[in-house]
1. How many nm separate the modelled label positions at T220 and Q90, each set 7 Å beyond the Cα in the direction of the Cβ?
2. Could you work out the helix-only [θ] at 222 nm for the chain, with each DSSP H run of four or more residues adding -39,500 (n - 2.57) and the total divided by the number of residues, to the nearest 500 deg cm²/dmol?
3. Cβ under 11 Å from L197's Cβ, L197 left aside: what net charge do those residues give with Lys, Arg +1 and Asp, Glu -1?
4. Determine the distance separating the Cα centre of region 173-236 from the Cα centre of region 57-93; give it in Å without decimals.
5. Which one of A34, A222, A44 has the biggest mean-square fluctuation once the chain is modelled by GNM with Cα springs under 10 Å?
6. Per residue, how large is the accessible surface of region 38-90? Use a 1.4 angstrom probe and give square angstrom.
7. Add +1 for every Lys or Arg and -1 for every Asp or Glu among the other residues with Cβ under 15 Å from the Cβ of N74, and state the total.
8. Under a 10 Å cutoff between Cα atoms, tell me which one of G203, G221, G135 has the largest fluctuation in the Gaussian network model of the chain.
Amino acid sequence: MIVYPAIDLRGGVCVRLMHGRFDAVTRYDDDPAARLAAFAAAGADWAHIVDLDGAEAGRAMQHALIGELAASTNVSIQSGGGVRSTDDVQRLLDAGVGRVVVGSLVVSDPGRVAGWLERFGPDRLTLAIDVRADGDRYVPALRGWTEAASVDLWAALDRYPSGAAKHLLVTDVGRDGALAGPNLDLLAEIRQRRPDLWLQASGGVAELTDLTAARSVGATGAIVGRALYEGRFTLEQALEAVRS
């Protein structure tokens, strides 16, 4: 399993949101480059960087900063937020980002995203679907988690047949930033339905056992944010836990 320490950027500083709400922001670092360097020193192979301003605005806002961060380290960067055009994808890749995270368009414009997968290759894109529980269904949350999709998670994934995509990141919005533990039942069902996809778990990681539990149900990666920033465990401990 790959541990992806998270850097969520808002106004050029590191923050975390509670349940995806832009009015529930905790500010952690004024220097994202120093935070990324610390992740590198701890042994991170990858980092997950999100342009929250871009996600909220629906257009790239901090991609220049993300490029600077990518150029400053040997840690591979997975990044998105505000990715809406082919040029957005190309600029991030040209800036040194290893994989571009595509969010709302995965659900709202699958034809465009399928074209990007064909053009750039499935290893250069991560399809990110953020979901909220709605009874016994999971419904994608779009446009910075401000809108609900008209289809459920499974219908959204059906638009990408086996072989079309490789990396899938699923965030349970209700657990994101809440330190409530990952949604293991959801992760297991995704893995059962779509074993072809490399699944990244996001939302709720609070303890080292959350990482090993996510791994046990088939996740190949996990995004870790608030638990690291608040010292619940170190990145070194997280890396050791998933490697043991």
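The values are calculated or read from the model by the stated rules, or taken from the named source; none is laboratory data. The structure displayed is predicted, hence computed values, not measured ones. Because the Cβ atoms are built from the backbone with ideal geometry, glycine has one as well, and the counts that use them run over all protein chains shown. We work out accessible area using only protein heavy atoms, side chains counted, and drop any ligands, DNA or RNA first. Shrake-Rupley method; radii C 1.70, N 1.55, O 1.52, S 1.80 Å.
1. For the pair T220/Q90, the computed spacing is 2.8 nm.
2. Numbers: 11 runs with 88 residues, N = 244.
Helices in the chain give a 222 nm mean residue ellipticity of -9500 deg cm²/dmol.
3. Details: positive: K166, R191, R193, R194; negative: D196.
Neighbour charge sum, excluding L197 itself: +3.
4. Spelled out, the Cα-based centre of one part sits 23 Å from the other.
5. Of A34, A222, A44, the most mobile in the Gaussian network model is A34.
6. Value returned for region 38-90: 37 Å² of accessible area per residue.
7. Working: positive: none; negative: D45, E68.
Computed value for this residue: -2.
8. G135
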